[in-house]
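So the structure is just underneath, and the comments pick up after that.
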Amino acid sequence: MDGSHPSHEAPSIGQPTPEVVSAVSVMNSQYLLFGSLSLAVLILSLLFLARKKAQSRGNSLLLVGASDGGKTAILSTLLYKQTLPTHTSMQTNMANISLPPSNKALRIIDVPGHPRIRDQFREYMSDAKAVAFVVDASTISRNGAAVADHLHQVLHTLTSLPPSQVPPAFTIVAHKCDLLKASTNATSEQLAINRVRTILERELDKRKASHAGGVGMESLGAEGEEGAELGGLECSGNEFKFAEWEGGEVAFIGTSVAVGKAAVVDGEKRDGLSDFRDWLVELP
Amino acid sequence: MLDHCSISHKGGVILWSRSFTPAASQSAASSASPVSSLIRDALIEGRSAESQFEKDGYALKWTFVNDLELIFVVAYQRILQLTYVDDLLAALKTLFVKVFQPFLATFVASLHAASSSTTLLGASGSGSETAFAWDFTSTFEKWDTVFDNLLKTFETKAAQERKSRLKHIDPAVHTPVESTPPSDDQSTFPSQSNPTTVDEEQIARNVQALKNRLKPKGPGGAAGRKGRRGVGGAGSGLESVPGSDSDTPSKAKKSKTKARRKWGDEAPSESDMASLDFSYIQVDSPSTKQTTMSLSALVDQASMGTRTNEGMYEVKDWDFDVPPTRNVAAATAVEKPGTSLGALGSLFSRITGSKTLTQADLAPVLEGMKQHLMKKNVAKEIAEKVVESVGEDLIGRRITGWGGTNTAVRNALSTALTRILTPKTSTDLLLSIRTKLSESQSSMVGGQTGKKEPYSIVFVGVNGVGKSTNLSKVCFWLVQNGMRVLIAACDTFRSGAVEQLRVHVRNLSMLGVNGATDSKGRVELYEKGYGKDAAGIAKESISYAKDHDFDVVLIDTAGRMQDNEPLMRALAKLVSTNSPDKIIFVGEALVGNEAVDQLTKFDRALRDFSAASGYGGGSAKERGIDGMIVTKWDTVDDKVGAALSMTYVTGQPIIFVGCGQTYTDLRQLRVSNVVQAILDD
């Protein structure tokens with residue numbers, strides 16, 4: 001009896017301990033399982049979201065270009081269906097519009113072209129679906145160098161986007177076509193496009209040649225990452241041609257707006273911005 | 001008397017504008033409009049704290065409404081002393097915001113579309129966006145009459161004041177005593193009878209006086225009056241162009257038109273005033289506005305009633321305080337949660353830090369920022385101006401988030417500094433050299449000589465800042481880039497200056513270029529000893545460079561103090577005889593308050609004397625400084641304020657930074673770096 005007592009005692013003592021231990025361990029493992037599972041799900045979904053975000057192109061149209069090009073006028077025409085008089089912008093405008101046929105929503109970002117604040121366009125680049133470089137076709141022959149300077153920056157930014165982002169569609173808008181006189185064999189739009197293309201190619205070619213083989217100067221402070229060297233002008237050919245630009249396809253569109261005239265709301269009649277609208281609608 | 005008046009959004013959309021002369025309306029349509037140049041050259045450059053901007057004979061004054069992001073600009077002939085412009089702007093601002101508040105809020109919201117998430121303000125904006133017909137023309141149509149009335153009031157008042165100043169006869173002395181104090185009364189407690197009687201009295205007297213004065217000019221004035229009604233039509237030119245010739249007739253004619261108009265408008269405005277006096281509207285307007293969104297109806301009545309009262313009331317109060325706008329904004333705010341929720345809202349907004357910034361909130365923070373900037377060796381004057389313009393941009397703005405005022409100011413300062421330091425012209429020296437060389441070569445194709453025009457750079461500055469040293473660094477860099485460089489020793493004053501350059505040239509020609517063992521013949525010195533005329537030597541050196549196929553001429557000048565007028569004249573002569581492609585000012589990073597003085601005086605002297613002297617074949621063009629080199633950068637650690645002072649003063653970029661003892665110690669400035677250094681504690 002004596003022997004049985006401890007023997008009885010022993011399991012009774014021994015019993016609870018493993019039971020408790022096992023219960024804790026079971027609970028623990030259950031928690032752990034749930035915890036790890038949920039964590040895994042969370043991480044996976046986060047990864048998925050992040051990837052989706054990275055993969056998706058943005059939903060913005062970026063209007064860039066030199067001052068007095070007509071960016072804000074284009075914005076107001078698209079947004080308010082009428083062209084308002086404008087002056088030099090001091091800050092970025094952002095507006096949501098919907099494009100007529102399918103009511104596709106689009107955010108337009110109009111970045112001022114003043115040299116001191118134009119660099120803001122880089123902040124919006126990650127969200128850009130399309131970039132439109134607006135050029136005043138009537139003054140391009142005078143301002144060619146300054147416009148090309150800005151365009152160079154834009155091209156450089158476009159080519160140095162992270163590979164995870166779908167590169168935005170790029171177009172050069174030859175604005176204020178109506179100020180050019182149409183000749184017999186070309187409409188003013190074609191004329192404007194040709195002029196803008198020729199002058200910008202010439203200026204960019206100059207810049208390309210000047211940077212080739214030059215010894216750049218280091219910029220102050222932390223070296224590396226974005227040196228003074230500005231790339232983005234790589235071409236398959238020797239001379240710079242938009243058709244051969246390695247950064248992607250460059251579309252050219254001729255546009256014009258007139259202050260005081262109401263814009264065409266439906267797609268039936270054509271106005272100065274119709275080509276541009278078509279291009280926007282056709283964006284993937 | 002005004003030439004142009006416009007109300008616009010900071011994003012560039014002009015909401016309403018009016019030109020009073022054909023010339024002004026013509027220029028307003030082009031990119032050279034005075035308003036655009038005001039924004040380009042003053043507001044974006046961080047000079048918004050200055051009170052006046054002058055351009056093409058116009059003087060411009062402006063004011064902001066920061067929560068609605070509006071700019072009010074008035075332009076007038078610079079020679080006119082218009083005392084009422086500030087008051088007019090303040091009154092315009094209050095009235096415009098008051099009348100169009102809901103529309104403007106929707107408008108501003110439409111230009112701040114967030115990507116997809118809609119904030120409180122955005123929701124109201126986008127909700128009405130689809131239903132909202134953006135009928136700008138009809139919305140602001142009514143504003144024309146309101147503006148006319150307002151302007152008329154101010155012009156009448158100004159004319160009266162001037163009259164009383166001009167005529168020192170008894171009745172005239174009597175006038176101000178009688179006319180100004182009542183208007184004071186009127187502003188503080190608007191009673192019903194007082195304003196109308198005073199108005200009538202004033203007008204009657206005014207009309208009497210003007211009729212006497214203006215008898216011969218009757219028909220012209222009438223024509224002008226008609227023209228004024230039309231929006232910047234040709235008729236208005238008839239009135240203002242001859243008027244601007246001399247001061248008195250124009251004033252007289254103007255007052256004449258006022259008098260006439262008062263006659264016509266007096267009856268309706270009187271009756272309106274009876275029903276819609278100031279206090280009544282104050283109480284009533286918020287509710288009216290909230291319930292009915294129909295703006296046009298509101299405009300019509302409110303404008304007439306508030307016009308005089310509100311205008312004068314504002315005028316008195318504006319000078320010392322901002323609160324009037326704030327009160328108005330608060331009273332009429334429709335969709336701002338903070339104000340409508342009362343105490344709870346304010347508590348909430350205090351927790352989240354969302355509030356409207358006022359002068360009182362900003363003053364201590366801005367003062368601290370100013371001290372901080374000065375500690376970083378920014379010149380006092382510049383620090384004050386920068387901080388002031390940052391304050392100007394922030395007053396009335398609503399801040400959100402946890403940071404509070406400090407963060408808001410810091411961010412605003414950071415953007416302001418970036419804006420000031422970012423060059424507005426290309427700093428790519430190599431590109432402009434290559435462009436010039438290729439241009440001169442292509443233009444010479446048909447020519448017989450085939451000589452290219454060298455690119456010339458003049459280095460100027462005070463004594464001992466390192467002109468020669470940095471010239472040699474630039475020379476080294478150019479040689480590395482395959483240029484042939486001629487150094488012209490135009491410092492014919494300091495002993496050893498020529499020898500110093502000779503040593504540099506010897507060193508540079510021994511250094512290898514792109515793997516080649518030496519660069520002999522790539523760099524030469526053009527020297528003519530001491531005591532000669534520097535301008536002559538520079539001229540000779542350029543023609544020498546042309547003959548010997550050099551690409552670049554670097555002209556070293558003697559250092560001189562900015563106050564030494566004969567020497568500054570000599571420098572201007574050197575510049576105007578040779579018309580160099582670039583004039584580079586060399587300044588040291590150690591300089592503090594002196595930087596402002598140095599640069600302004602060098603720039604001024606170069607411009608004045610080069611324009612006046614008219615060397616260089618009659619094309620006496622003003623030439624100022626084109627760029628700067630900041631030297632001894634390595635000695636100042638993070639106290640880099642001199643860079644800010646220098647760029648602010650000239651508006652020109654810093655092309656290079658000298659930061660050491662060897663030829664390679666030349667750097668390009670990186671803006672973000674400098675901003676960081678200045679803001680760091």
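Could you list, in sequence order, all residues of region A:105-121 that are surrounded by fewer than 18 Cβ atoms within 10 Å (Cβ to Cβ) and at the interface with another protein chain (Cβ under 8 Å from one of its Cβ atoms)?
A:ASP119
Condition first: over 11 Å from the mean Cα position of the chain (by Cα) and within 10 Å of chain A (Cβ to nearest Cβ). Now tell me which residues in region B:22-49 satisfy that.
Of region B:22-49, the ones over 11 Å from the mean Cα position of the chain (by Cα) are B:22-33.
Within region B:22-49, B:ALA28, B:ALA29, B:SER30, B:SER31, B:ALA32, B:SER33 meet the criteria.
Tally time: how many residues in region A:32-63 are more than 14 Å from every other protein chain (Cβ to nearest Cβ) and either open to solvent by less than 50 Å² (accessible area, probe 1.4 Å) or at pLDDT 80 or above (or both)? Before you say what the answer is, go through the steps one by one.
Step one: of region A:32-63, the residues more than 14 Å from every other protein chain (Cβ to nearest Cβ) are A:32-52, A:54-55.
In the following step, the residues that additionally are either open to solvent by less than 50 Å² (accessible area, probe 1.4 Å) or at pLDDT 80 or above (or both) were identified as A:32-45, A:54.
Number satisfying all stated conditions: 15.
Out of all the residues in region A:122-155, which are out of contact with any Lys or Arg (no Cβ under 9 Å at 6 or more places or on another chain) and within 13 Å of another protein chain (Cβ to nearest Cβ)?
A:ARG122, A:GLU123, A:TYR124, A:SER126, A:ARG142, A:ASN143, A:ALA146, A:VAL147, A:LEU151
Within region A:185-226, track down each residue that is open to solvent by 50 Å² or more (accessible area, probe 1.4 Å), modelled with pLDDT under 80 and of a type outside the set (A, V, I, L, M).
A:ASN185, A:GLY213, A:GLU218, A:GLU223, A:GLU225, A:GLU226
Check B:ASP638 against each of (1) in contact (Cβ under 8 Å) with a residue 24 or more places away in the chain; (2) farther than 23 Å from B:LEU431 by Cα; (3) surrounded by fewer than 18 Cβ atoms within 10 Å (Cβ to Cβ); (4) more than 12 Å from every other protein chain (Cβ to nearest Cβ) and name the one condition it does not meet.
B:ASP638 satisfies every listed condition except (4).
Could you identify the single residue in B:SER576, B:SER610 that is without any contact (Cβ under 8 Å) to a residue 60 or more places away in the chain and open to solvent by less than 10 Å² (accessible area, probe 1.4 Å)? Walk me through it before giving the result.
Details: B:SER576 fails: open to solvent by less than 10 Å² (accessible area, probe 1.4 Å).
Matching residue, one of B:SER576, B:SER610: B:SER610.
Which strands (runs of 3 or more DSSP E) sit wholly inside region B:1-84 and have at least 3 residues that are open to solvent by less than 30 Å² (accessible area, probe 1.4 Å)?
Details: elements: B:2-9, B:14-19, B:53-55, B:58-65, B:70-77.
Once the strands (runs of 3 or more DSSP E) in region B:1-84 are filtered for at least 3 residues that are open to solvent by less than 30 Å² (accessible area, probe 1.4 Å), what remains is B:2-9, B:14-19, B:58-65, B:70-77.
Given the criteria within 13 Å of chain A (Cβ to nearest Cβ) and not aromatic (Phe, Trp, Tyr), does B:SER19 qualify?
Working: within 13 Å of chain A (Cβ to nearest Cβ): yes; not aromatic (Phe, Trp, Tyr): yes.
Judged against the criteria, B:SER19 is a match.
Which of the residues that make up region B:641-681 are more than 11 Å from chain A (Cβ to nearest Cβ) and among the polar types (S, T, N, Q)?
B:SER645, B:THR650, B:GLN652, B:GLN661, B:THR662
Just checking, which of A:ALA148, A:ALA169, A:ALA182 is open to solvent by less than 10 Å² (accessible area, probe 1.4 Å) and in the same structural domain as A:GLY231 (by TED's automatic domain parsing)?
From the options A:ALA148, A:ALA169, A:ALA182, the qualifying one is A:ALA148.
Within region A:71-104, how many residues are under 20 Å from the mean Cα position of the chain (by Cα) and either at the interface with another protein chain (Cβ under 10 Å from one of its Cβ atoms) or over 19 Å from B:LYS10 (Cα atoms) (or both)?
Taking region A:71-104 and keeping what is under 20 Å from the mean Cα position of the chain (by Cα), we get A:71-72, A:74-75, A:78-79, A:91-99, A:104.
With either at the interface with another protein chain (Cβ under 10 Å from one of its Cβ atoms) or over 19 Å from B:LYS10 (Cα atoms) (or both) added as a condition, the list becomes A:71-72, A:75, A:79, A:91-99, A:104.
Number satisfying all stated conditions: 14.
The values are calculated or read from the model by the stated rules, or taken from the named source; none is laboratory data. These numbers come from a predicted model, not from an experiment. Every residue, glycine among them, receives a Cβ derived from its backbone with ideal geometry; neighbour counts consider all protein chains shown. Side chains are part of the model used for accessible areas, which takes the heavy atoms of the whole protein and leaves out ligands, DNA and RNA. Shrake-Rupley method; radii C 1.70, N 1.55, O 1.52, S 1.80 Å.
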